């Protein structure tokens, strides 16, 4: 630690933490290196690939384009948190069943982005179209699947959730 | 890569932020960070101090969208997602509303700010071109107080603006749309949400069947948003072919396309946008 380090207090996956961080440390590096939460992946480190997508105060963000020091007072949720709570269990199942992942590098970010869309769709009471699904995951690169199976999986979950809500 | 070390200061008020800027000569302001942090990660930028202005909000008006004296005032810290969902923007700033879905991706729009995008002045970004097309203005706050800079005087060059080293962009203002306001927007990008290869933001006044006061503002086609004035005149006379032929742009080659391809694509966009401008508003 240098004398530039700053104390922060935040909640990560429901757990309250007090940590000392270097200002230059990005949120995703903090989650991985300091907390051992390696489900969020580091891909491009400049906001293009989406592999580091996490939720801060309920909204998805790029973990590489936010600094850990900015999360003082925030509520951070990673793929570990949203999968352990069962929030995305149906998405995980659908991804597996439809082969929506191969190497799995993009999957945590992809699930976070898909869940964000499904939560927004729930608010407006509709099932997103395939185009809307493609648009919402457009910030997440997948180099294996060609996206088709991912769109299938997200669409199936959207329909199942809308059906269950009726 | 990882950023070089820097100190972090969180400003609670606008005065504090300006004082910090005066105190630290090579400081950078951190708003949404969606361009800045990428450049820090790549070490294209290595300031000694980062001044976080996200704590200045609400009461100072940096986070608000309001109609004021026939203009729409958008605080510098308004995030893209906020503008995307704003009724005031949808009603009174339809060009901004049309441009919004093209800016980055959902996760980027949750953090990125309108003020940051304008102050960063990326030549391929949507909002600087919109500000130019709308003949908008920028409010800057510095040690001597506030001043207003017209869009036409604001964008000076590649990533270069009229902001002084101790000034902060605090708001943008654009004329509120009226009944005869027409707007058009189109861009071509390799992937939806990425920086445009070339794009066009336009405004005009509908005058019966014709158009008046046409303003065509291209992005990704020069160092700054570029007006195509000869094409504007041709479009006012209703001749789209002549407007395309008259396109007075000299785009440089870049990583995305050659200048010649960009110029061709600018003509394609002009035809699309001309169609939008000629449709009366519902």
Per residue and in Å³, how big is the convex hull formed by the alpha-carbon atoms of the protein assembly as shown? 150
Ignoring everything except DSSP H segments at least 4 long, calculate the 222 nm mean residue ellipticity for chain A; use -39,500 (n - 2.57) per segment, divide by total residues, nearest 500. -10500 deg cm²/dmol
Per-residue counts of other Cβ atoms within 10 Å, averaged by peptide: what ranking do you get for B:95-101, A:128-134, highest first? B:95-101, A:128-134
Rounded if a/c is under 1.5, else prolate if a/b beats b/c, else oblate: with a ≥ b ≥ c from the C-alpha gyration tensor eigenvalues square-rooted, which is the range B:170-254? oblate
Name the residues of the range B:74-90 whose amide N is less than 18 Å from a point 7 angstrom out from the Cα of residue B:146 along the C-beta direction? B:74-78
Going by C-beta contacts inside 10 Å, put A:45, B:139 in order with the fewest on the left. B:139, A:45
Provide the FRET efficiency to the nearest 0.05 for the residue A:17-residue B:230 pair, computing r from the beta carbons and using R0 = 60 Å. 0.50
Which of B:114, B:14, B:270 moves the most in a Gaussian network model of chain B with Cα springs under 10 Å? B:14
Using the alpha-carbon centroid of each, what span in Å lies between the range A:89-166 and the range B:1-47? 36
What's the angle, to the nearest 10 degrees (0 to 90), between helix A:148-165's Cα axis and the longest principal axis of chain A? 80
Residue B:69 to residue B:209: extension gain in nm, 0.36 nm per residue of separation minus the Cα-Cα distance? 47.5 nm
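In terms of the Cα gyration tensor, with a ≥ b ≥ c the square roots of its eigenvalues, is the range A:6-83 rounded because a/c is under 1.5, prolate because a/b exceeds b/c, or oblate?
oblate
To the nearest whole number, what is the average tally of beta carbon atoms from other chains within 10 Å of the beta carbons of peptide A:56-63?
5
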Would you mind getting me the FRET efficiency between residue B:22 and residue B:160? Use the beta-carbon distance for r and R0 = 35 Å, nearest 0.05. 0.95
On a full-extension model of 0.36 nm per residue, what is the gain between residue A:85 and residue A:72, subtracting their alpha-carbon distance, rounded to one decimal in nm? 2.3 nm
Most exposed first by the Cβ proxy, i.e. fewest other Cβ within 10 Å, how do A:40, B:45 rank? B:45, A:40
Shielding by other protein chains, A:64-75, mean Cβ within 10 Å: 4
Residue order, fewest to most beta carbons within 10 Å, for A:120, B:20: A:120, B:20
Chain B - Rg and Dmax from Cα coordinates, angstrom: 18.8, 60
Rounded to two decimals, the Rg over Rh value of the range B:61-152 from Cα coordinates and the Kirkwood Rh reads 0.94
Can you give me the angle between helix A:107-124 and the longest principal axis of chain A, using Cα atoms only, in degrees from 0 to 90, rounded to the nearest 10? 70
So the compactness index of the range B:109-196, its C-alpha Rg divided by 2.2 N^0.38 Å, takes the value 1.16
What average number of partner chain Cβ atoms lie no more than 10 Å from the Cβ of the residues making up B:106-116? 6
When the Cα atoms of the range B:7-52 are enclosed in a convex hull and the volume is divided per residue, what value in Å³ results? 61
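Estimate the FRET efficiency between residue A:93 and residue A:119 by the formula 1/(1 + (r/R0)^6), using the beta-carbon distance for r and 25 Å for R0, to the nearest 0.05.
So, using R0 = 25 Å, E works out to roughly 0.90.
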Rounded to the nearest 10 degrees, the helix B:259-278 long axis (Cα) sits at an angle to the longest Cα principal axis of chain B of 70
Relative counts (whole %) of C-alpha pair distances in chain A, using bins that are 10 Å wide: 11, 39, 32, 14, 3, 0
Using helices alone, what [θ] at 222 nm do you get for chain B, with -39,500 (n - 2.57) per DSSP H run of 4 or more residues, divided over all residues and rounded to the nearest 500? -8500 deg cm²/dmol
What percent antiparallel are the DSSP beta bridges of the protein assembly as shown, to the nearest 5? 85
For the range B:216-263 and the range B:125-195, write down the distance between their C-alpha centroids in whole Å. 19
Cα gyration tensor shape of the range B:1-132, rounded if a/c is under 1.5, else prolate or oblate by comparing a/b with b/c: oblate
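Bear in mind that the values in this text are calculations on the coordinates, not laboratory data. On a predicted model such as this, the values are computed, not experimentally measured, just so you know. Ideal geometry is used to build each Cβ from the backbone, glycine not excepted, and the neighbour counts take in all protein chains shown.
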